[in-house]
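In what follows, a structure is listed as structure tokens, so that the remarks can point back to it.
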Amino acid sequence: MEYRRLGRSDINVSVICLGTMTWGEQNTEADGHQQMDYALDHGVNFWDTAEMYAVPPRQETSGATETIIGTWLKSRGKRDKIVLASKIAGPDKRFPYIRDGKLAFDRKNIAAAVDASLKRLQTDYIDLYQLHWTERTTNGAARLGYEHKSDETFTPFAETLEALAEQVKAGKIRMIGLSNETAWGAMRWLSESERLGLPRMQSIQNAYSVLNRSFEVGLAEVAIREQCGLLAYSPLGMGILSGKYIGGKAPASARLNQFHQFVRYRGPITESAVAKYVGIARRHGLDPAQMALAYVNSRPFLTANIIGATTMAQLASNIASIDIKLSSEVINEIDAVNKEHTYPCP
């Protein structure tokens, strides 16, 4: 396994990060425990979760993923072996069941969310606590187009940082980070923390894959120059880059066949791009999923690549991508397809 520094902290995390959002929905508690055992045995020390997981989110499974991690931590006694990341949910009408739907990044919500996560996780502290998405309207989730709302209000960045600093001082969280954020937002968070002498954001968890390289436009420079690296989610485009959906071959149990609301990586243009990426892998004797992950692993602005799996075979293959080093020829071919299909996601 390869390890990289988390921001400017003294924490080193595995380049492969264990994503957990299917636990409690597509995966059982036993599945989650088996995945955590295997990941740790293979050098993966970085795990990412969120208070609103499992996904797709619904009231019946809200918090289930953290609960599964918590039972593993209690039974294994290996809290000191892992770097644990979680997230606080921002405003969203889909979640009236989380803190009565009155979600914000203010002191009251942050304190309540941290305490609830700690209880489910059965731990005294969270290593990296992230703002899951912005309070303000943005296209930070890698959507094209930005709709500005001049009359919109949101918790001042300084107030949020002060509330997070209180949690750090209390020993409940160690580091803080962003998710689904923009370049403007990232720089504002960083400048405010410097101005006020408050904890700084150490990472940015955004979507990134060969299908979605929008992070490179503005955030890549921020990540490198500010040592606030990318935690890449959806590096396989919800599994589509494995090639299993080509020609309708994927089983009914596959995520995109089960949950039709996930449309970001579906459509004829996306399918054309995927077919070309899979073709590159086949020509070079590579597994398509491992090639896609290896490309993400190789990016200079990356801190960690968040993989997710519903089977142990997928997990083993995804973790093994750390050992795949792509040739310049393969990278050039991937870049050529990107020029043809720069943003194929709907």
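The values are calculated or read from the model by the stated rules, or taken from the named source; none is laboratory data. The shown structure was predicted, so the numbers you read here are calculated from the model rather than taken from an experiment. With ideal geometry, Cβ positions are generated from the backbone for all residues, glycine too; neighbour counts draw on all protein chains shown. Calculation scope for accessible area: heavy atoms of the full protein, side chains included, ligands and nucleic acids excluded. Shrake-Rupley method; radii C 1.70, N 1.55, O 1.52, S 1.80 Å.
Things to note:
- In a residue-by-residue description of segment 212-219, the property of being hydroxyl-bearing (Ser, Thr, Tyr), in contact (Cβ under 8 Å) with a residue 40 or more places away in the chain and within 14 Å of THR182 (Cβ to Cβ) applies to at least one position.
- Those residues of segment 92-105 which are farther than 24 Å from TRP47 by Cα and touching an Asp or Glu at 6+ places or on another chain (Cβ under 7 Å), in sequence order: LEU103, ALA104
- Residue check for LEU73: open to solvent by less than 10 Å² (accessible area, probe 1.4 Å) and either within 21 Å of SER321 (Cβ to Cβ) or not polar (S, T, N, Q) (or both): no
- Residue in segment 290-306 that is more than 25 Å from ILE204 (Cβ to Cβ) and not basic (Lys, Arg) present: no
- The set of residues in segment 24-56 that are open to solvent by 40 Å² or more (accessible area, probe 1.4 Å) and either of a type in the set (D, E, K, R) or assigned to a loop (DSSP other than H, G, I, E, B) (or both) comprises GLU25, GLN26, THR28, GLU29, ASP31, ASP37, ASP41, HIS42.
- Take the conditions (1) assigned to a helix (DSSP H, G or I); (2) surrounded by 20 or more Cβ atoms within 10 Å (Cβ to Cβ); (3) not charged (D, E, K, R); LEU178 misses just one of them, which is (1).
- Residues that are farther than 24 Å from VAL55 by Cα, at pLDDT below 95 and not charged (D, E, K, R) within segment 294-346 comprise HIS341, THR342, TYR343, listed in sequence order.
- Some residue of segment 7-21 being open to solvent by 30 Å² or more (accessible area, probe 1.4 Å), closer than 22 Å to GLY63 by Cα and in contact (Cβ under 8 Å) with a residue 24 or more places away in the chain: yes
- For TRP184, the conditions (1) open to solvent by less than 20 Å² (accessible area, probe 1.4 Å); (2) part of a helix (DSSP H, G or I) all hold with the exception of (1).
- Residue within segment 236-246 that is under 23 Å from ALA85 (Cβ atoms) and in contact with a Cys (Cβ under 9 Å, 6 or more places away or on another chain) present: yes
- Residues that are among the small types (Gly, Ala, Ser) and either within 21 Å of VAL83 (Cβ to Cβ) or under 20 Å from the mean Cα position of the chain (by Cα) (or both), drawn from segment 175-211: GLY177, SER179, ALA183, GLY185, ALA186, SER193, SER203, ALA207, SER209
- So ALA309, is it touching a residue at least 60 places away in the same chain (Cβ under 8 Å) and in contact with a Leu (Cβ under 7 Å, 6 or more places away or on another chain): yes
- Out of SER253, SER272, SER191, sole residue that is exposed (fewer than 15 other Cβ atoms within 10 Å of the Cβ) and outside any helix (DSSP H, G or I): SER253
- Residue in segment 137-144 that is more than 30 Å from GLU216 (Cα to Cα) and outside any helix (DSSP H, G or I) present: no
- Scanning segment 287-346 for residues that are open to solvent by 40 Å² or more (accessible area, probe 1.4 Å), among the hydroxyl-bearing types (Ser, Thr, Tyr) and not in a helix (DSSP H, G or I) turns up SER298, THR310, THR311, SER327, THR342, TYR343.
- Each residue in segment 112-123 was checked for being surrounded by 16 or more Cβ atoms within 10 Å (Cβ to Cβ) and assigned to a helix (DSSP H, G or I), and 7 pass.
- Filtering segment 200-237 to residues that are in contact with a helix residue (DSSP H, G or I) (Cβ under 9 Å, 6 or more places away or on another chain), open to solvent by 40 Å² or more (accessible area, probe 1.4 Å) and within 24 Å of TRP47 (Cα to Cα) leaves ARG200, GLU226.
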